[in-house]
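The structure under discussion appears below in the form of structure tokens.
The values are calculated or read from the model by the stated rules, or taken from the named source; none is laboratory data. Everything numeric in this text was worked out from a predicted model, so none of it was measured. Here the Cβ positions follow ideal geometry from the backbone for every residue, glycine too, while neighbour counts run over all protein chains shown.
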């Protein structure tokens, strides 16, 4: 999406004029306006006016002393205040009029400079103290939160006989309120009433605004209504300090305030508290009231206040419309917000940057990127400047949608205009790059905008967290240990995030190292540090270290969370370290932390696994007594405990209870019940649960495996075979165990080829056979007719871990069931390898090529075996006989028979049978009969010899 394209796309579609549109459900926000606009001074037309810089500037009116005032201001701004002595200050301000002195005081942004200048002015003999100058200084000190200096200034004001006015009180109330000292701000109101001064509209509005900002909406409204009724209500305000409230210089209202204020007579300008109704006349008052209702969620009252403002003939200003638009937007009423923008145009009230920021925020919250970009570009179209909020909103939106190029375009435009990326936006942009794996761009952006310690520790932590979430601990580490400004102190949140990054990477030693070095850097671990580290160590099975840290956490005065205790207990339970788990449980109770469902569930499960049914049931009873909800996990553990000792009736009752719970029994409980019934031979009960699982699509590999075991143990081979076929089609075969159970079922039914096909499916999914798989394969080979000597040879090579032993076994399996293509695929893999092969590998290859009809390759392998100086063994001769028989090579068979007859090969029944089969394949039935007789005689002689030896 191009920003240029969006800029030219025009304004977003908005509803027509309110006066000509049909009523809508939320139209009470838009009270009907007079057809003739209220008398206001004509201003620029809303749409299409020229940018500010093209407007004609007003010519400054030349007044006497103007040049002197300007030079004074320049001198004060250019020179450090400590470089100006009293004479220099006198020369600068000595000839200025009181009005010019007021301008000088207002222009001082530094409280030290303002106070120094004011004290010098006050020291002049001809100076007449006035409340205006004091009000300015009090406001400056309040904004800087210099409460000691403000107290002294108040005392000086009393000494000079300058009595506070409404403006003075409004200034003090505003300063304390913006500093978050709401009680102190309201005490000024109490002092004001005690002096007999009735709050004017500005003072009243200031109080209401402070109550609104502190979310005391009801008190704010009551105070406003009381003022309108002609009385000042203080009873509804929280202005009484508790005994626990500390006394410090900023609380001097409780002590010196009333003493200094009480000595002076009531001001002649003070007006007695009025009785009788009055109405506000300032737009600012209604703005505050509308905003109060909006923040309180009282939309109808906000609309009524807006309507009352119009009925009172008070023209709404930009702030009024911004407030109403924000209320509409924050409650999802976008059409009404757009209509209010039209009302601004009708009443010739110009929008400001904040207006468009509100619309950007509104549409960003609903994910409408196009409209957000349109309003972002419209700010400049209207001759306004995009501010820090505009940039923050647009960057947040674009980054969330991973619109990398658009984000970079916005940043480039900001740089061209001399703006900088807001500190809060830095982690957002970094996260976008990191999520998109654009690490080089992330590094460049970080070096340009973040490095050097110019941002807060909190935002460094947010950047590190973005790396940690992607497992990029090294990059997070680089940020953590990167260069910072002198005197920069890492907040604890940075350490916590670094520990998290190491924990995810399982670098537990590094995490502990960061933890140990925190205090040496002047940062103390908080509860989050301990809780995170303990849970991290548990996940790494470092249980003893986790427990040590748990004790250390309690020693320093922190109370571990229930989740932390739970993690340690669960860790010990998984390792079957029941006594340690119980110790931590008791520690948890003595710490005043009540166990939750996970704690009880872990203990019950551990007891059940260990066969300690009484203890498991005791924990279950404790849990019920504590009033905790017994969930499916806990009931499953109890069922497991009953299953251990065969208590099927008790388990059945709990299982029935789970059926009545939301979500019903979980798969573990169901499998546990099937296994319990299977162990007791209760086929119908097990089948009932199994069928329910199939019907609900919940059955897993364990369910099928248990049912196959049950059917096999009961001799129901056809049913076992049906289950095996069903699970193969279900897609639940995902690990060696599930494949093994199906193979075993096929094996019992004599379905050897199905076993081999299942093995091929297993290998095709890159699931490696395990020891149980190969145990099944050896049984298949024996049942498939492979000589026992060959099977023993393969078992020996597998147990010894010889090269290509697994491939040889798989090749033999595929050959014996007739899957020759699969057999040759694996055979070619190790035959073509440029490594020396053992005899067993040559034997399997000879058998595989011979079984597939490729006799020439088989014989060539026999010659290669001899070239490798490997002597043929018994298995070689057995497989070679089969090869000669298929090729009709009678001479080869006679050589093997001769070696057997003359004792160079030990008499062996498998070899005899191989020769008989080979002669039959070659059509030499007489020779086959001869070998058969020789075999019978040899075996009879061998048995007789054994019998005589046993008698001796």
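Values computed for the structure shown
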| quantity | calculated |
| --- | --- |
| Verdict on residue 630 being modelled with pLDDT of 85 or more and either crowded, with 19+ Cβ neighbours inside 10 Å or not in a helix (DSSP H, G or I) (or both) | no |
| Boolean, residue 557 is surrounded by fewer than 20 Cβ atoms within 10 Å (Cβ to Cβ), touching a helix residue (DSSP H, G or I) at 6+ places or on another chain (Cβ under 7 Å) and under 30 Å from residue 516 (Cβ atoms) | no |
| Subset of the range 300-351 (residues that are part of a helix (DSSP H, G or I), closer than 25 Å to residue 367 by Cα, touching a helix residue (DSSP H, G or I) at 6+ places or on another chain (Cβ under 7 Å) and free of Cβ contacts under 8 Å to residues at least 40 places away in the same chain) | 321, 322, 323, 325, 326, 329, 334, 337 |
| Selection count, the range 788-824, where residues are closer than 15 Å to residue 848 by Cβ and surrounded by fewer than 16 Cβ atoms within 10 Å (Cβ to Cβ) | 2 |
| Evaluation of residue 774 against (1) part of a loop (DSSP other than H, G, I, E, B); (2) under 45 Å from the mean Cα position of the chain (by Cα) (one fails), failing number | (1) |
| Residues (touching a residue at least 40 places away in the same chain (Cβ under 8 Å) and more than 36 Å from the chain's Cα centre (by Cα)) located in the range 206-217 | 208, 209 |
| Test result for residue 901, modelled with pLDDT of 75 or more and over 19 Å from residue 787 (Cα atoms) | yes |
| Residue 657 vs. criteria surrounded by fewer than 16 Cβ atoms within 10 Å (Cβ to Cβ), in contact with a helix residue (DSSP H, G or I) (Cβ under 8 Å, 6 or more places away or on another chain) and assigned to a helix (DSSP H, G or I) | yes |
| Residues located in the range 904-925, provided they are surrounded by fewer than 18 Cβ atoms within 10 Å (Cβ to Cβ), at pLDDT 85 or above and farther than 24 Å from residue 786 by Cβ | 923, 925 |
| Single residue of 861, 837 found to be assigned to a loop (DSSP other than H, G, I, E, B), in the same structural domain as residue 919 (by TED's automatic domain parsing) and buried (at least 21 other Cβ atoms within 10 Å of the Cβ) | 837 |
| Filter result for the condition that a residue is within 30 Å of residue 692 (Cβ to Cβ), in a helix (DSSP H, G or I) and over 34 Å from the mean Cα position of the chain (by Cα), over 624, 650, 615 | 650 |
| Subset of the range 831-871 (residues that are under 60 Å from the mean Cα position of the chain (by Cα) and without any contact (Cβ under 8 Å) to a residue 24 or more places away in the chain) | 832, 834 |
| The range 468-481, subset surrounded by fewer than 16 Cβ atoms within 10 Å (Cβ to Cβ) and in a loop (DSSP other than H, G, I, E, B), residue modelled with the highest pLDDT | 471 |
| Check on residue 668, modelled with pLDDT of 90 or more and either under 22 Å from residue 617 (Cα atoms) or under 42 Å from the mean Cα position of the chain (by Cα) (or both) | no |
| Pick from the range 785-822, criterion closer than 17 Å to residue 846 by Cβ and part of a loop (DSSP other than H, G, I, E, B), ranking: nearest to the chain's Cα centre (by Cα) | 804 |
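This table checks each residue for (1) free of Cβ contacts under 8 Å to residues at least 24 places away in the same chain; (2) surrounded by fewer than 18 Cβ atoms within 10 Å (Cβ to Cβ).
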{"residue": "561", "(1), (2)": "no, yes"}
{"residue": "596", "(1), (2)": "no, yes"}
{"residue": "603", "(1), (2)": "no, no"}
{"residue": "609", "(1), (2)": "no, yes"}
{"residue": "622", "(1), (2)": "yes, yes"}
